[in-house]
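*Asks:* Sharing a structure with you now.
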Ligand code: ARG
């Protein structure tokens, strides 16, 4: 056990208390941010005359050495220290002596950990944006490739109207685009520097907080020191962003699972992204999609953990806040994995274009268009709707799709039908006539693709 605060104590810490209290096993992940923050702190302290140039040089070189050694594996972060902050300071002092003991001047672990987390989350926001961009690129490629891959669009999971795979994937493009927007918004509120807030009430040293903020590329220093050490709103926002990403990934997974089922067979997953059964040799299971759907619950749980941890925190810092890390790290790791796997799974799967088309033909997805055709012939929509209802019933009873009916059969139900109905209700015509902005027709979908391309290029 190595602690920073032994002076006031006579007795030893109970072993169980020590490990219950310690955070090194998980906050060691913050070593780089901790060192980066310490370097900025020291440079600021030197600028304001609190530390000498000699101390600064020694500390900066010492910190750089620690960083290098951790990254090369020469220095192991061991659990004999309480947390990553104690570890870095202890190793520094061991290596450079006296000067190392001056590092913590005008600082508390409360503002230090608040800083480390913000630096870490800021990086993760950028990284997550990059992974989402990769996923959007895969989706955009599918959109480009499948502008005329017809399929049924569903409501209530019942075939509704014909769309294209391009249009369907375009919906997911929008969801993940909004997710990137939310990450960007969260970044704005994350990007204020808490360092220099001390334990809760600032410090008596002449700190230049704006300078530290500038060195660490924050937009500004935070305004209130009590808020600064206890604010985890940005983390809750971030986990809420991640929860929405997972919700979108889970919806897409659900569709992949349905499409990959024997009954649908719209898609076949690549071997690399499927798993088998230990007993049923014929099985090829969509485990990755199922796990993504399942892990969505886990990320919601992480968000709930943070919301609940924070709800009873009296100002300023309380140790409960240490619980922020495992929840945040778990959510980050989970979401990162799921986004990357989804990109790979989509990139490698094979869509059964003929099956999808046949499914749209068979499902009366052109029923609305038949009604619209009658409206074009002067029949009021309500009457047209009733005629087409009769047609559908007739087709079900005779195992036909609408376009398989003869002209006589059409006319027996409504005399307004003419030969041109066949052309008007073909799958292609049904999709093609949907030309409003955002619809699956070729012009609007090409416009959507063009816009998506510009968006990705500027991201
Ligand atoms: N491990 C602590 C955390 O993650 C660091 C801050 C400790 N501060 C304190 N006053 N004990 O929150």
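The values are calculated or read from the model by the stated rules, or taken from the named source; none is laboratory data. Not measured: the values here are computed from a predicted model. FYI the Cβ positions are ideal-geometry reconstructions off the backbone, even for glycines, and counts take in every protein chain you see.
*Asks:* Output the number of the condition that residue 189 fails; it satisfies all remaining conditions of (1) under 29 Å from residue 341 (Cβ atoms); (2) part of a helix (DSSP H, G or I).
*Replies:* (1)
*Asks:* Restricting the range 14-60 to residues that are assigned to a loop (DSSP other than H, G, I, E, B) and within 24 Å of residue 76 (Cα to Cα), which is farthest from the ligand (Cβ to nearest atom)? Full working, then the answer.
*Replies:* Step one: list which residues in the range 14-60 are assigned to a loop (DSSP other than H, G, I, E, B), which gives 14, 22-23, 48-52.
Imposing the further condition that a residue be within 24 Å of residue 76 (Cα to Cα) reduces the set to 22-23.
Numbers: 22: 8, 23: 4 Å.
Looking at residues that are assigned to a loop (DSSP other than H, G, I, E, B) and within 24 Å of residue 76 (Cα to Cα), I get 22.
*Asks:* Please state which one of 301, 312 is under 16 Å from residue 233 (Cα atoms), more than 15 Å from the ligand (Cβ to nearest atom) and surrounded by fewer than 19 Cβ atoms within 10 Å (Cβ to Cβ).
*Replies:* Values: 301 fails: under 16 Å from residue 233 (Cα atoms).
Going through 301, 312 in turn, the sole match is 312.
*Asks:* Where residues in the range 321-339 are over 14 Å from residue 240 (Cα atoms) and near the ligand (Cβ under 9 Å from one of its atoms), which of them is surrounded by the most Cβ atoms within 10 Å (Cβ to Cβ)?
*Replies:* The selected residue is 321.
Yes or no, residue by residue, for (1) away from the ligand (no atom under 16 Å from the Cβ); (2) farther than 16 Å from residue 114 by Cα; (3) more than 23 Å from the chain's Cα centre (by Cα); (4) without any contact (Cβ under 8 Å) to a residue 60 or more places away in the chain:
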residue	(1), (2), (3), (4)
221	yes, no, yes, yes
235	no, no, no, no
267	yes, yes, yes, no
295	yes, yes, no, yes
307	yes, yes, no, no
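*Asks:* Within the range 105-133, count every residue that is surrounded by fewer than 18 Cβ atoms within 10 Å (Cβ to Cβ) and within 12 Å of the ligand (Cβ to nearest atom).
*Replies:* 0
*Asks:* Residues 453, 419, 397, 448: which one is touching a helix residue (DSSP H, G or I) at 6+ places or on another chain (Cβ under 8 Å) and farther than 30 Å from residue 172 by Cα? Quick ask: steps written out before the conclusion?
*Replies:* Details: 453 fails: farther than 30 Å from residue 172 by Cα; 397 fails: touching a helix residue (DSSP H, G or I) at 6+ places or on another chain (Cβ under 8 Å); 448 fails: farther than 30 Å from residue 172 by Cα.
Residue meeting the stated conditions: 419.
*Asks:* Take the range 142-163 and flag every residue that is surrounded by 21 or more Cβ atoms within 10 Å (Cβ to Cβ) and under 16 Å from residue 258 (Cα atoms).
*Replies:* 151, 152
*Asks:* Go through the range 330-363 residue by residue and tally those that are without any contact (Cβ under 8 Å) to a residue 60 or more places away in the chain and within 30 Å of residue 128 (Cβ to Cβ).
*Replies:* Here the count works out to 3.
*Asks:* On the basis of being surrounded by fewer than 23 Cβ atoms within 10 Å (Cβ to Cβ) and at pLDDT below 95, does residue 72 make the cut? First the steps, then the outcome.
*Replies:* Details: surrounded by fewer than 23 Cβ atoms within 10 Å (Cβ to Cβ): yes; at pLDDT below 95: no.
Against the criterion (surrounded by fewer than 23 Cβ atoms within 10 Å (Cβ to Cβ) and at pLDDT below 95), residue 72 does not qualify.
*Asks:* Can you pull out the residues in the range 416-437 that are more than 21 Å from residue 356 (Cβ to Cβ) and assigned to a loop (DSSP other than H, G, I, E, B)?
*Replies:* Looking only at the range 416-437, we keep the residues that are more than 21 Å from residue 356 (Cβ to Cβ), and these are 416-424, 435-437.
Within the range 416-437, 416, 417, 418, 419, 420, 435, 436, 437 meet the criteria.
*Asks:* Pairs please, first residue from the range 74-101 and free of Cβ contacts under 8 Å to residues at least 40 places away in the same chain and closer than 19 Å to residue 113 by Cβ, second anywhere and part of a strand (DSSP E or B) and within 16 Å of the ligand (Cβ to nearest atom), Cβ atoms under 9 Å, 6+ apart in sequence or on different chains.
*Replies:* Close Cβ pairs (under 9 Å, with a partner that is part of a strand (DSSP E or B) and within 16 Å of the ligand (Cβ to nearest atom)) amount to 91/81.
*Asks:* OK, next. Regarding residue 65, is this residue in contact (Cβ under 8 Å) with a residue 12 or more places away in the chain, away from the ligand (no atom under 16 Å from the Cβ) and over 24 Å from residue 205 (Cβ atoms)?
*Replies:* On the way: in contact (Cβ under 8 Å) with a residue 12 or more places away in the chain: yes; away from the ligand (no atom under 16 Å from the Cβ): yes; over 24 Å from residue 205 (Cβ atoms): yes.
Considered against the rule, which asks whether it is in contact (Cβ under 8 Å) with a residue 12 or more places away in the chain, away from the ligand (no atom under 16 Å from the Cβ) and over 24 Å from residue 205 (Cβ atoms), residue 65 comes out as yes.
*Asks:* Let me ask you something else. Of the conditions (1) in contact with a strand residue (DSSP E or B) (Cβ under 6 Å, 6 or more places away or on another chain); (2) part of a helix (DSSP H, G or I), residue 153 satisfies every one except a single condition; which number is it?
*Replies:* (2) is the only condition that residue 153 fails.
*Asks:* Sticking with this structure for a sec: Filter the range 61-100 for residues that are in a helix (DSSP H, G or I) and at positive phi and give the result. First the steps, then the outcome.
*Replies:* Filtering the range 61-100 down to residues in a helix (DSSP H, G or I) leaves 61-72, 84-100.
Once the filter is applied, which keeps residues that are in a helix (DSSP H, G or I) and at positive phi, the range 61-100 yields only 97.
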